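Peer 1: Okay, here's the structure, questions in a sec.
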Amino acid sequence: MSAARDDFSSRLRANLLSMGVDPVVLEGAQLATEQVLSSLLILEIILLVEAELGRELTEAELTNENFDTLDAVCRLAHPLVTVCEPARLPPEHSARPG
């Protein structure tokens with residue numbers, strides 16, 4: 001996990017604990033599908049993620065899968081970016097005109 005994702009995870013857990021969520025429930029629970037969290041708590045999580053991203057979530061991002069575990073929420077707030085190498089042209093296209 002990245003430092004930013006770790007920091008967000010700690011803040012998310014602290015917020016949920018301060019709202020009375022049982023810490024044992026947070027570990028490995030399927031928050032959305034097992035209805036562990038109330039709609040108000042889910043709204044609070046959405047607001048935290050949006051503040052972290054600096055934008056509103058799209059309808060496509062508002063899925064049970066993205067909010068089912070704390071890890072899923074953290075991945076939503078801090079998605080991994082894969083760096084791709086630049087495209088390489090075949091040799092016949094990269095030669096400079098003489």
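Here, each number is a calculation from the coordinates, and none is a lab measurement. In this text the structure is predicted, and so the values were computed from the model without any measurement. Counting neighbours? That spans all protein chains shown, and the Cβs are built from the backbone with ideal geometry, glycine included.
Peer 1: Identify the residues of region 1-20 with backbone N under 17 Å of a label point that sits 7 angstrom from the Cα of Arg55 along the Cα-to-Cβ direction, or state none.
Peer 2: none
Peer 1: I would also like to ask the following. Convert each backbone phi in region 31-42 into a coupling constant with the Karplus relation 6.51 cos²θ - 1.76 cosθ + 1.60 (shift: θ = phi - 60°), then list the ³J(HN,Hα) values in order as whole Hz, x for Gly and Pro.
Peer 2: Going residue by residue, I get 5, 7, 6, 8, 6, 6, 9, 6, 4, 5, 5, 5 Hz, with x marking Gly and Pro.
Peer 1: Okay, next question. Spin-label point model (7 Å from Cα, Cβ direction): what's the Val25 to Arg11 distance in nm?
Peer 2: Calculated label separation equals 2.4 nm.
Peer 1: Check each of the trypsin sites (Lys or Arg not before Pro) in region 1-81 and keep only those in coil by DSSP with at most 13 other C-beta atoms within 10 angstrom; list them in order.
Peer 2: Qualifying residues, ordered by number: Arg55.
Peer 1: How big is region 1-61 along each principal axis, measuring the range of its Cα positions in Å and listing the largest first?
Peer 2: Principal extents (Cα only, largest first): 29, 27, 19 Å.
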